[in-house]
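As structure tokens, the structure follows; a few thoughts come after it.
None of the figures in this text is laboratory data; all of them are computed from the coordinates on show. Since the model is a prediction, treat every value here as computed from it, not as a measurement. Please note: Cβ atoms are built from the backbone with ideal geometry, for glycine as well, and neighbour counts cover all protein chains shown.
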Amino acid sequence: MLKVKIAQNPPHVILALEGELDMATGSILEQVMEQIESRDLVDITFSLDGLNFIDSTGIGQLIGYYKVFAKRDIPVSIDNNNAEIEEILALIGVREIMGVG
Amino acid sequence: MGSSINQLTMEFPSKAVNIGFARTAVAMFAAQLDFTLDELDEIKIAVSEAVSNSVIHGYKGTEGMITIICAVGEGALEVQIKDEGVGIDDIEKAFEPAFTTAPKERMGLGLVFVKEYMDELIIDSVSGRGTSLIMKKSPCHNKVEV
């Protein structure tokens with residue numbers, strides 16, 4: 001299960017993710033992104049501290065948003081202090097692709 | 001696994017909603033060995049990647065059955081994940097980072113994760129008939145440094 005909380009509203013959006021982000025739960029995040037994508041945005045931050053699971057499909061989804069919003073000059077970054085999640089992000093090289101807080 | 005002391009078999013439709021159940025069930029089964037919590041998380045990721053592969057690539061959105069057989073014995077876990085989907089045309093290429101036949105959904109890193117987190121990975125696939133993936137892992141304290 002995944003919960004997505006809008007911790008900070010546009011234009012500086014912070015989305016706090018709690019639970020599991022994988023192929024099954026990605027649509028929950030997608031619904032939230034559809035709500036905010038048409039708003040005036042300056043930047044988007046995904047806070048992953050509440051996640052207890054992410055796989056390559058979940059990471060691919062986050063990187064997908066990074067690429068989509070880069071076309072609108074809206075930076076997308078990850079804020080993470082969760083050691084287990086950090087290890088997975090490092091394995092995929094997300095630091096080199098996106099900003100990781 | 002020749003002299004397994006315990007075994008679990010699961011069969012379920014290739015629905016995304018079953019991926020979380022599959023990885024949690026395998027991790028709970030694996031917990032009878034002395035894996036650390038980090039190692040159990042690694043097993044969860046490997047199972048998640050393998051089952052996602054069957055759903056996305058094996059059955060390509062159509063519905064089929066996925067079978068998972070877990071066994072423990074001789075201080076090691078063995079997990080076999082099987083589908084009867086389209087199979088893998090080029091197994092060597094499937095191991096290349098960023099190679100994927102479904103670029104919108106995946107980064108092509110699923111098998112890279114499995115190889116990273118498990119001790120051993122064997123893939124047997126016949127084009128048009130399905131894929132079997134066998135992965136093995138022992139608790140870190142059981143491993144002997146050479």
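Looking at region A:63-78, which of its residues are over 23 Å from residue B:110 (Cα atoms), among the charged types (D, E, K, R) and either touching a residue at least 24 places away in the same chain (Cβ under 8 Å) or assigned to a helix (DSSP H, G or I) (or both)?
Listed by number, the list holds a single entry, A:72.
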Give the residue, chosen from A:60, A:19, that is free of Cβ contacts under 8 Å to residues at least 12 places away in the same chain, under 19 Å from residue B:42 (Cα atoms) and within 14 Å of chain B (Cβ to nearest Cβ). A:60
Do we find a residue being under 25 Å from residue B:112 (Cα atoms) and in a helix (DSSP H, G or I) anywhere in region A:40-49? no
Lone unmet requirement of (1) surrounded by 16 or more Cβ atoms within 10 Å (Cβ to Cβ); (2) within 14 Å of chain A (Cβ to nearest Cβ); (3) part of a loop (DSSP other than H, G, I, E, B) for residue B:85: (2)
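State which residue is farthest from residue B:110 (Cα to Cα) when the search covers only region B:1-60 and only residues that are among the charged types (D, E, K, R) and in a loop (DSSP other than H, G, I, E, B).
Narrowing region B:1-60 to residues among the charged types (D, E, K, R): B:11, B:15, B:23, B:34, B:38-39, B:41-42, B:44, B:49, B:60.
Those left that are additionally in a loop (DSSP other than H, G, I, E, B): B:15, B:34, B:60.
Working: B:15: 17, B:34: 26, B:60: 16 Å.
The residue in question is B:34.
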Of these, A:6, A:14, which one is in contact (Cβ under 8 Å) with a residue 60 or more places away in the chain and either more than 14 Å from chain B (Cβ to nearest Cβ) or not in a helix (DSSP H, G or I) (or both)? A:14
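Checking the conditions here, which among B:79, B:55, B:72 is away from chain A (no Cβ under 13 Å) and more than 10 Å from the chain's Cα centre (by Cα)?
The conditions single out B:72.
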State yes or no: is residue A:81 within 14 Å of chain B (Cβ to nearest Cβ), in contact (Cβ under 8 Å) with a residue 12 or more places away in the chain, of a type in the set (S, T, N, Q) and within 21 Å of residue B:40 (Cα to Cα)? no
